[in-house]
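**Student:** Can you read through this structure? Questions will come right after.
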Amino acid sequence: MDAYLQVLHALMLRDMRTRFGGSYLGYGVVVLWPVVHTFILVAIYVFRKVPAPLGDSRALFFATGAVPVLIFQYISREVMKAVLMNKPLTYYPQVKNFDVIFARILVEIVTGFLGLMLVFLILLAIGVDPRPADPIMAMGGYCTAILLGIGIGTINVGIASFFPAWLMGYALFGIVLYISSGVFILPNYLPEQIYEILKWNPALQIVEWVRLGYYPDLAVEVDYLYIVLFALTSLTLGLLLERHVLRKRT
């Protein structure tokens, strides 16, 4: 166990150091990337004076939609790259594919929470109170976004192992997923037939979950069991792909 923890620790440090620029400072870019992405989108809608569909703060409404979706998308995309970017390390007998994936997952969990804290601090700096009315509800939504990102990311590892073009395909799919997640609108105001179809998208329900923490009067019903089971099922399928597909190919 001690040897395994040392391997895991080394993989995490290497991942944090080599992602950008070959230094630990480059890890700051990893944390800032989704934060900058979030506030560019928020700034576009704020400066265009697009009214918030809910509440008094445009920045808070748009941030509560963008942050959980971007956390999910960035984690799922970065976990997908774990084995492809660190394949030479698996030539060492102490390092397995699962170790590389697990180390990347731990790094992405830390990155996700650091990014969330930075968003809160920036909102405070611009005079917006980021404290949710129901902190447990909001944090539950954020944590589920991380879990969903890990689950989809592990599936992507298996897919990318025999279909490398999926790296680009998932990026394109992510655009569709982002548009259909209700980041800048209230999907429950759409026609009922469209809304029921969109609710199959777990990212949309995670956005509604987070927003319920900020706007308790929001007239939506979140299927919490569906989202958690979707995330856990994705993780299970991803681990099965790692065991029965990825290991055989490597």
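The values are calculated or read from the model by the stated rules, or taken from the named source; none is laboratory data. It should be emphasised that the depicted structure is a prediction, and the values quoted were computed from it without experimental measurement. Please note: Cβ atoms are built from the backbone with ideal geometry, for glycine as well, and neighbour counts cover all protein chains shown. When the accessible area is computed, the model is the full protein with side chains, heavy atoms only, and any ligands, DNA or RNA have been set aside. Shrake-Rupley method; radii C 1.70, N 1.55, O 1.52, S 1.80 Å.
**Student:** Restricting attention to the alpha-carbon atoms of the range 65-200, what are Rg (one decimal) and Dmax (integer), both in Å?
**Tutor:** For the range 65-200, the Cα radius of gyration and maximum Cα-Cα distance read 17.3, 56 Å.
**Student:** Below 8 Å between Cα atoms, with a sequence gap of 6+, how large is the relative contact order for the chain in percent?
**Tutor:** 25 percent
**Student:** Please compute the volume of the convex hull spanned by the alpha-carbon atoms of the range 180-250 and report it per residue in Å³.
**Tutor:** Per-residue hull volume (Cα only) is 116 Å³.
**Student:** Also, quick follow-up: Ranked from the most accessible area to the least, with a 1.4 Å probe and all protein chains present, what is the order of VAL30, VAL36?
**Tutor:** VAL36, VAL30
**Student:** Using the Kirkwood formula over every pair of different C-alpha atoms, what hydrodynamic radius in Å results for the range 1-131?
**Tutor:** That comes to 16.3 Å for the range 1-131.
**Student:** Further, regarding this structure: Which of the chymotrypsin sites (Phe, Trp or Tyr not before Pro) found in the range 142-240 are loop residues per DSSP with 15 or fewer other Cβ atoms within 10 Å of their Cβ?
**Tutor:** TRP200
**Student:** Only loop residues by DSSP count here, and only those with at most 13 other Cβ atoms within 10 Å; note down the trypsin sites (Lys or Arg not before Pro) in the range 1-67 that meet that.
**Tutor:** ARG48, LYS49
**Student:** If you don't mind, there's one more thing I want to ask. Sorting ASP56, ASP15, ASP223 by accessible area (1.4 Å probe), largest first, what list results?
**Tutor:** ASP56, ASP223, ASP15
**Student:** Measure nothing but the geometry: give the 0 to 90° angle between the long axis through the Cα atoms of 166-179 and the longest principal axis through the Cα atoms of the chain, rounded to 10°.
**Tutor:** Tilt relative to the chain: about 10 degrees.
**Student:** Note the angle between two axes, namely the Cα long axis of helix 202-214 and the longest principal axis of the Cα atoms of the chain, as a number of degrees from 0 to 90, rounded to the nearest 10.
**Tutor:** Once rounded, the angle reads 50 degrees.
**Student:** Could you tell me what fraction of 2.2 N^0.38 Å the Cα radius of gyration of the range 24-73 comes to, as a two-decimal ratio?
**Tutor:** Cα Rg divided by the expected 2.2 N^0.38 Å: 1.28.
**Student:** Given a Förster radius of 41 Å and the C-beta distance between ILE109 and LEU190 as r, what FRET efficiency does 1/(1 + (r/R0)^6) yield to the nearest 0.05?
**Tutor:** 0.80
**Student:** Let me ask another. So for the chain, considering every pair of alpha-carbon atoms, how many percent are separated by more than 32 Å?
**Tutor:** 24 percent
**Student:** Could I ask something else about it? In percent, how large is the relative contact order of the range 62-114, given Cα pairs closer than 8 Å and 6 or more residues apart?
**Tutor:** Taking the mean separation of contacting Cα pairs over the length of the range 62-114, I get 42 percent.
**Student:** Okay, next question. Can you tell me the 0 to 90 degree angle between the C-alpha axis of helix 224-241 and the longest principal axis of the chain, rounded to 10?
**Tutor:** Roughly 20 degrees between the two axes.
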